[in-house]
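First comes the structure, then the notes that go with it.
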Amino acid sequence: FLIHSAIILAPFGILVTLLLVYLVRWWALLWAATPPLVLYAFHNWELPVVATCVGGIAVVAWGASLDTDGNPRLSVRAAAVWAAILFGIGFSLKMYPGFFVLPLALYVLTRGGGFISRFRSPKDVVSDLDWRGFWYTIGAATAAVTATQAPFMIFGWPGWRGSLSFQGKRKADIDTNSIWYWGLRHLTGGQTDLYNTLVGVASPLLIAASFVLAVWLGWRVYSPDKVTLGVYPWIGVCGAMLAGFMLFHKVHSPQYTLWILPFFVLLKVRWPVIVGYLLADLALDLTIFRLFGILNDPAHPPMKWWVIGGVNFGVWVHAVLLVYLIFAFVKAQPREPLASFGFRRSPLTTANR
C-alpha cells in the first residue's frame, strides 16, 4: 500500500514544487527542502489536495500576467472560474480547499482591484462591483463539487455516507492533537459528556467566526471606504481561514502542516514564525507516536517527560502561531514574482501615464 501510494502521490508533490517555483522561484525550497515534505508526503493522501490549492492560485496568477502585447492572459472572471473548479475538486478530496472559493469570489467581485480606479469615490466603487463574476465563481466551484461527488452518491451511497458519518462521530481524543484535548479536557474533568458537548458546539462556531473575521480583515485591507483602493488580499484571506480551521477543528493531524506550508512560501511571513512552526511540527511528529506506543504497551511503562512535553510543545506553539497567522496572513504581501503577476493597471491610470 505504501509503495502504491508513493507512486501515485509523488507526481503531485513534484507538481506543487514546480508551481511554487513558477510563483516565487527559490522560495519554493521552504516547501521542497524542509522536514514536513519528508515526514508527511506519503503519511496520508494530502499532496493531491495541496496541488489543487496551489494550482488554483497559480491559475489566477498566470491569468493576471501579461502577454507579449501587454494584455492579461485571462480575464479576472475566467481565471477565477478555472481556479474555483480546482478548489471544488480539492473540496471533494479533503474539504478545506472549498473554503477558498469565497475569498476568490470576493477578489472577482472587486475586479481584482486593478480595474476600479483609485481616483474614484467610494460611491462609484459599489457600482463597479462584478456580481456576475462573483456568482460565476461560486457556480463553477459548486459544479465541480457536484460532478466529483455525484457518481459516488449515486453508485456508492452507503460508502459515501459512511465516510461522512465516520468523520462526524470522531471525538477530540488523544490522537487528534487539538487544543480541545490538551486544554479544555483539563477543565471538564476529562472526556466527559460535557466535554464532548462543548467541543461539538464550540468547534464549528469558532471555525465559522474565524472565517468571518478573516473575510472582514481582508475587506479592511481592501479599504472600500477610502478613496485610495487596494486589491482584495484573497490569498492571505485563504491562509487566514485555513489557520482558523486548523486551530479550532477537533482534529489536528501532524500532516496538516502540508496544508499551510505553501502559504509560508507564497506570502511574506516573518522568519521566526516559520521556524517556530516547523520546529513545533517536528517536535510533535517525533513524540506523538512515542506517546501512542507507551500508552498501548501491555507492560504499561511510565510516561517519559520529554514525550509528553514534546507533544504539548507542538500543540501549543502551533495554536499560538495559528492565532497570529489569522491576522498576519491577511496583511502579508505576496512574494515576488507572484506580487507582480497580480498587478493590473486601471483604465484611468493607464490613460494618465
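The values are calculated or read from the model by the stated rules, or taken from the named source; none is laboratory data. Worth saying up front: this structure is predicted, and the values here are computed from it rather than measured. Quick reminder, even Gly has a Cβ in these numbers, built from the backbone with ideal geometry, and neighbours come from all protein chains shown. Heads up: the accessible areas ignore ligands, DNA and RNA and are worked out on the full protein's heavy atoms, side chains in. Shrake-Rupley method; radii C 1.70, N 1.55, O 1.52, S 1.80 Å.
What the table below lists for this structure:
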read-out: Test for residue 21: is it part of a helix (DSSP H, G or I), touching a helix residue (DSSP H, G or I) at 6+ places or on another chain (Cβ under 8 Å) and without any contact (Cβ under 8 Å) to a residue 60 or more places away in the chain; value: yes
read-out: Residue list for segment 33-54, restricted to those being surrounded by fewer than 22 Cβ atoms within 10 Å (Cβ to Cβ), of a type outside the set (A, V, I, L, M) and not in a loop (DSSP other than H, G, I, E, B); value: 35, 40, 48
read-out: Candidate set: segment 325-353, residues that are part of a helix (DSSP H, G or I) and at pLDDT below 60; chosen: the one least open to solvent (accessible area, probe 1.4 Å); value: 349
read-out: Residue 282 being out of contact with any Leu (no Cβ under 6 Å at 6 or more places or on another chain) and under 15 Å from residue 37 (Cβ atoms); value: yes
read-out: Subset of segment 1-32 (residues that are among the aromatic types (Phe, Trp, Tyr), surrounded by fewer than 19 Cβ atoms within 10 Å (Cβ to Cβ) and under 20 Å from residue 274 (Cα atoms)); value: 26, 27
read-out: Residue match in segment 168-184 (condition: more than 21 Å from residue 315 (Cα to Cα) and modelled with pLDDT under 90); value: yes
read-out: Pair list, Cβ < 6 Å and 6+ apart or interchain, from segment 25-43 residues that are more than 16 Å from residue 281 (Cβ to Cβ) to residues that are of a type in the set (Lys, Arg) and open to solvent by less than 70 Å² (accessible area, probe 1.4 Å); value: 27/335
read-out: Qualifying residue in segment 119-142 (condition: assigned to a loop (DSSP other than H, G, I, E, B), of a type in the set (A, V, I, L, M, F, W, C) and either at pLDDT 90 or above or surrounded by 14 or more Cβ atoms within 10 Å (Cβ to Cβ) (or both)); value: yes
read-out: When residues of segment 68-98 are limited to those that are aromatic (Phe, Trp, Tyr) and open to solvent by less than 20 Å² (accessible area, probe 1.4 Å), the one nearest to residue 151 (Cα to Cα); value: 87
read-out: Number of the condition not met by residue 264 [criteria: (1) of a type in the set (Phe, Trp, Tyr); (2) modelled with pLDDT of 95 or more; (3) open to solvent by 60 Å² or more (accessible area, probe 1.4 Å)]; value: (3)
read-out: Which numbered condition residue 147 misses (of (1) at pLDDT below 95; (2) more than 23 Å from residue 213 (Cα to Cα); (3) open to solvent by 40 Å² or more (accessible area, probe 1.4 Å)); value: (1)
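Residue-wise test of (1) within 25 Å of residue 54 (Cα to Cα); (2) open to solvent by less than 60 Å² (accessible area, probe 1.4 Å); (3) part of a loop (DSSP other than H, G, I, E, B); (4) of a type in the set (A, V, I, L, M, F, W, C).
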| residue | (1), (2), (3), (4) |
| --- | --- |
| 181 | no, yes, no, no |
| 214 | yes, yes, no, yes |
| 219 | yes, no, no, yes |
| 232 | yes, yes, yes, no |
| 251 | yes, yes, yes, yes |
